[in-house]
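Taking it in order: structure first as structure tokens, then the write-up.
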Amino acid sequence: MLLSKFKGSALAALAGDCIGARYESMWRPVAYQTLLNLEENLKSAEKTSRRSLHYTDDTEMAHELAKSLVENGKFVAKDVASKFTETFFESPPYRYYGPHVRNVFEKLEKASRFSDLFGPASEQFDGQGSYGNGSAMRVFPVALFCHGNQELLEKLAALSAKLTHAHIDAINGAKLQASAVEIALSSSDGSISWLEFWQKLKDLIDKLEVDVPEKVYTNKLDMIKELIAREEVASVHEFEDEVGTGIKASEAVCAAIYAFLMCLADRQPSELSSLSKVQQVVFYSISLGGDTDTIGTMAGAIAGAFYGDEGLPSYWLYAFEGAEMARDLATKLHELNEKKNRDI
Ligand code: F2R
Ligand code: MG
Ligand code: MG
Ligand code: MG
């Protein structure tokens, strides 16, 4: 079952990125019927063996991070930084990296030759660091690697974030997203209510934001609870106003968590009822609009870790660039996890 959860997380994260990328930056909600039509088209991929959808920076960076963890059996900051940088400079334009992260890679490679690993990120935005969601969008491999060790998870989520994103909201966003994947790995359908899941995240954020003056995650998580508990489902526009679906880590991470918890609470839209639970989470998260590939990938990583890969359609393996890689990396991270447990 754990292997199914690892594979589910990696594959649903890939699906969320590949599908969500079609609608990123349109800045309006995505109609359920549009998503169902796309899903219908994906089915033909299995017959033709044609990869129809590309992944973007979210998956590219997640896979580089996973490869580094697998190759080294531990987090080696210099290796992760050089893998991120090399891949960035070789990547085709349709990976659509964040607008400012290029500066970090240029400085890492040219100015410091990887001698100063965290300096370039801390210089971004006049020394504030980036609060973009790039730290959280790629973090799920840390959760798989650290499964069962929350202390290590928080440490590695922070270190992996700080290579490009030094702002506290980006670091806490990576910790929150990785922790959501870990809670999903450690529980199963029927064993936890949406409110219990939410409470675990709230306990974590209370701790992480204890010394943070602007408690963005605390406030957004409180709002999410209020919206899910409400009788009427909030309109996408209200959600956008109250929580947000943008490029900030605090918006996209909370939007992904909201989509997952809404489905866990069985409040998913009836239009998506023909789909499996994992697909419902991915599609519902993308329907919120805004930074759709990133919200989709993070919601997918959580949902796949919770429900496993059984609910994933077989044609998803053919429809998305990088599907074999996702499955292979998840299997290797699972092997590492098994080995670690045997060695204890
Ligand atoms: N780049 C994109 N999407 C571009 C649109 C592509 C579209 N599909 C098309 O057809 O053209 N997506 C990817 O970028 C996001 C991750 O970005 P990351 O890695 O966090 O980058 P960055 O540049 O560090 O931060 C993002 C922006 O946030 C604002 N910002 C961040 N920190 C700030 C600060 N301290 N002060 C002011 N602004 C700050 C800036 O506008 C940054 O550029 C993902 O969506 C990924 O999919
Ligand atoms: Mg992207
Ligand atoms: Mg907004
Ligand atoms: Mg994005």
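Tabulated data for the structure shown
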read-out	value
Region 56-74: number of residues that are part of a helix (DSSP H, G or I) and away from ligand 1 (no atom under 16 Å from the Cβ)	7
Options P99, P92, P120; residue that is at pLDDT below 95, farther than 12 Å from H167 by Cβ and out of contact with any Asp or Glu (no Cβ under 7 Å at 6 or more places or on another chain)	P99
Qualifying residue in region 236-245 (condition: out of contact with any Lys or Arg (no Cβ under 9 Å at 6 or more places or on another chain), open to solvent by 10 Å² or more (accessible area, probe 1.4 Å) and within 16 Å of ligand 1 (Cβ to nearest atom))	yes
Qualifying positions in region 190-200 - surrounded by 14 or more Cβ atoms within 10 Å (Cβ to Cβ) and either in contact with a Leu (Cβ under 6 Å, 6 or more places away or on another chain) or closer than 15 Å to A303 by Cα (or both)	I192, W194, F197, W198
Meets criteria (over 24 Å from H147 (Cβ atoms), of a type in the set (S, T, Y), within 16 Å of ligand 1 (Cβ to nearest atom) and open to solvent by less than 10 Å² (accessible area, probe 1.4 Å)) for T292	yes
Pick from region 86-95, criterion surrounded by 17 or more Cβ atoms within 10 Å (Cβ to Cβ) and within 13 Å of ligand 1 (Cβ to nearest atom), ranking: nearest to K339 (Cα to Cα)	F88
Output for region 12-50, where each listed residue is closer than 14 Å to M298 by Cβ and either assigned to a loop (DSSP other than H, G, I, E, B) or more than 16 Å from ligand 2 (Cβ to nearest atom) (or both)	A21, E24
Members of region 287-301 that are in a helix (DSSP H, G or I), within 12 Å of ligand 4 (Cβ to nearest atom) and either of a type outside the set (A, V, I, L, M) or in contact with a Pro (Cβ under 7 Å, 6 or more places away or on another chain) (or both)	T292, D293, T294, G296, T297
Boolean, P99 is free of Cβ contacts under 8 Å to residues at least 60 places away in the same chain and farther than 23 Å from A256 by Cβ	no
Selected residue (only one of K83, K67 is under 20 Å from R327 (Cα atoms), open to solvent by less than 70 Å² (accessible area, probe 1.4 Å) and free of Cβ contacts under 8 Å to residues at least 40 places away in the same chain)	K83
Pairs, first at negative phi and touching a residue at least 12 places away in the same chain (Cβ under 8 Å) in region 298-311, second among the aliphatic types (A, V, I, L, M) and not in a helix (DSSP H, G or I), C-beta under 8 Å, six or more apart	G304/L312
Residue within region 165-184 that is in a helix (DSSP H, G or I) and more than 30 Å from K78 (Cβ to Cβ) present	yes
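The values are calculated or read from the model by the stated rules, or taken from the named source; none is laboratory data. The shown structure was predicted, so the numbers you read here are calculated from the model rather than taken from an experiment. Backbone-built Cβ (ideal geometry, glycine too); neighbour counts: all protein chains shown. These area figures cover heavy atoms from the full protein model, side chains too; ligands, DNA and RNA do not enter into them. Shrake-Rupley method; radii C 1.70, N 1.55, O 1.52, S 1.80 Å.
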